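Below is one structure, written out as structure tokens; the observations come after it.
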Amino acid sequence: MNLDVRRLFLLAEIAEHGSLTGAAEALMYTTSAVSQQMRRLEAEAGLVLFERHARGVVLTDAGDALVARARAIQRELAGANIDLEALRGLRAGSLRIGSFPTASSSILPLVLTQFGREHPGIAVSVKSALRDALRELLLMREVELALLWEYDWSPFIEEGIETQKLVDDPTVLVVARTSDVGRSGPVDLSSLASARWIIRADGHPVADVLTRSCHAAGFAPDISYDAHDYQEAQAMVAAGLGVALAPRLSLTNLRDDVRLVPLDPRIPVPVRRILLGHLKGRKATPAMLGFRKTLEKAAGAMPQAFDHPGQLGSVNASTSGVS
């Protein structure tokens, strides 16, 4: 038995108005059209659904049962529409984000705070991973959006993933606060040929940045310490063990005993591009679109903070008004 839901709703209207004529007038149908639909519904049900009398109709037990079901279906459909409207209006839903450690400690908290303030009904979860793992998370649909990075010699290329650039993350020099290096302005990297260097360990991409930059400046870096994170690198710089190169976003939490020095732009230093990736062909949900908008605004505020070496911590203040 296959019951036509539209006929069930029509039966509910008849019950509401007490007659076929009343239902027809309410729905702007003809009475004959309503009568025809009810004959078909009774044929589908195999039972008499109502009895006619002088003042209208009286539902049978079968009719009462179907009207109860019809009203339950109408309530569920109304609830479904409310749910969908909440999702469209970013009042409900979920969002799964992927990120790498530097972004997770700099730009992402700002965006999460602002997005949560604007859309408290959206449940956001974050998975932090290295770039190759983020690629897999996107392809396996475990995250919907992912913050990624690339350099010119190490582009992020994946046929199934689309990316957009959010912001350029420039490379800066980290020196001890008491150092004379950079006191008078940007530093030519070739002037640091005799310096000792703090480098990131385990084949970290920023180690490649240092090697390439120093070779372009005509020397090989003298490595004094292999650091496993940027806070450790800052500590060794502060202790006088050497100087370091680092992407600006990695230095959001800058120690008081180190400072940042811009590099002379006449000798190009690699710039890291921060990207936002999503699965190619995947239709963006309202939550994805809203988060991307907030992220783009926060990324747009970053270069203003980058104009003031040594004050990267002010990124928090400069982007807290993102709306």
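The values are calculated or read from the model by the stated rules, or taken from the named source; none is laboratory data. Bear in mind the structure is a predicted one, so any value in this text is a computation, not a measurement. Neighbour counts are summed over all protein chains in view; Cβ atoms, including those assigned to glycine, are modelled from backbone coordinates with ideal geometry.
What the table below lists for this structure:
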{"read-out": "Out of Leu173, Leu112, Leu134, sole residue that is in contact with a strand residue (DSSP E or B) (Cβ under 8 Å, 6 or more places away or on another chain) and more than 30 Å from Phe291 (Cα to Cα)", "value": "Leu173"}
{"read-out": "Any hit, the stretch 93-104, residues being within 15 Å of Ile274 (Cβ to Cβ) and touching a Pro at 6+ places or on another chain (Cβ under 8 Å)", "value": "yes"}
{"read-out": "Some residue of the stretch 33-54 being touching a residue at least 24 places away in the same chain (Cβ under 8 Å) and under 30 Å from Ala92 (Cβ atoms)", "value": "no"}
{"read-out": "Unique residue being surrounded by 13 or more Cβ atoms within 10 Å (Cβ to Cβ), in contact (Cβ under 8 Å) with a residue 40 or more places away in the chain and closer than 30 Å to Phe291 by Cα when the list is Leu66, Leu59, Leu95", "value": "Leu95"}
{"read-out": "Selected residue (criterion: surrounded by the most Cβ atoms within 10 Å (Cβ to Cβ)) from residues of the stretch 283-300 that are small (Gly, Ala, Ser) and touching a residue at least 60 places away in the same chain (Cβ under 8 Å)", "value": "Ala298"}
{"read-out": "Check on Leu145, touching a residue at least 12 places away in the same chain (Cβ under 8 Å), among the aliphatic types (A, V, I, L, M) and buried (at least 20 other Cβ atoms within 10 Å of the Cβ)", "value": "yes"}
{"read-out": "Strands (runs of 3 or more DSSP E) (entirely within the stretch 84-184) containing at least 3 residues that are over 22 Å from Glu296 (Cα atoms)", "value": "171-176"}
{"read-out": "In the stretch 148-157, the residues that are without any contact (Cβ under 8 Å) to a residue 60 or more places away in the chain and either assigned by TED's automatic domain parsing to the domain that holds Ser250 or closer than 23 Å to Ala284 by Cα (or both)", "value": "Ile157"}
{"read-out": "Pairs, first at positive phi in the stretch 200-228, second loosely packed, with under 14 Cβ neighbours inside 10 Å, C-beta under 6 Å, six or more apart", "value": "Gly218/Ser190"}
{"read-out": "Residues of the stretch 214-233 satisfying the condition of being under 24 Å from Ser106 (Cα atoms), touching a strand residue (DSSP E or B) at 6+ places or on another chain (Cβ under 9 Å) and surrounded by fewer than 16 Cβ atoms within 10 Å (Cβ to Cβ)", "value": "Asp226, His228, Asp229, Glu232"}
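The rows are residues; the columns are (1) part of a loop (DSSP other than H, G, I, E, B); (2) among the β-branched types (Val, Ile, Thr); (3) more than 15 Å from Val67 (Cα to Cα); (4) assigned by TED's automatic domain parsing to the domain that holds Arg71.
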{"site": "Ile14", "(1), (2), (3), (4)": "no, yes, no, yes"}
{"site": "Ala26", "(1), (2), (3), (4)": "no, no, yes, yes"}
{"site": "Gln36", "(1), (2), (3), (4)": "no, no, yes, yes"}
{"site": "Arg40", "(1), (2), (3), (4)": "no, no, yes, yes"}
{"site": "Leu47", "(1), (2), (3), (4)": "yes, no, no, yes"}
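Per-residue answers, yes or no, for (1) surrounded by 15 or more Cβ atoms within 10 Å (Cβ to Cβ); (2) outside any helix (DSSP H, G or I); (3) in contact with a Gly (Cβ under 6 Å, 6 or more places away or on another chain):
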{"residue": "Arg212", "(1), (2), (3)": "yes, no, no"}
{"residue": "Val237", "(1), (2), (3)": "yes, no, no"}
{"residue": "Ala246", "(1), (2), (3)": "yes, yes, no"}
{"residue": "Leu249", "(1), (2), (3)": "yes, no, no"}
{"residue": "Asp256", "(1), (2), (3)": "no, yes, no"}
{"residue": "Pro270", "(1), (2), (3)": "yes, yes, no"}
{"residue": "Gly277", "(1), (2), (3)": "yes, yes, no"}
{"residue": "Gly281", "(1), (2), (3)": "no, yes, no"}
{"residue": "Met302", "(1), (2), (3)": "yes, no, no"}
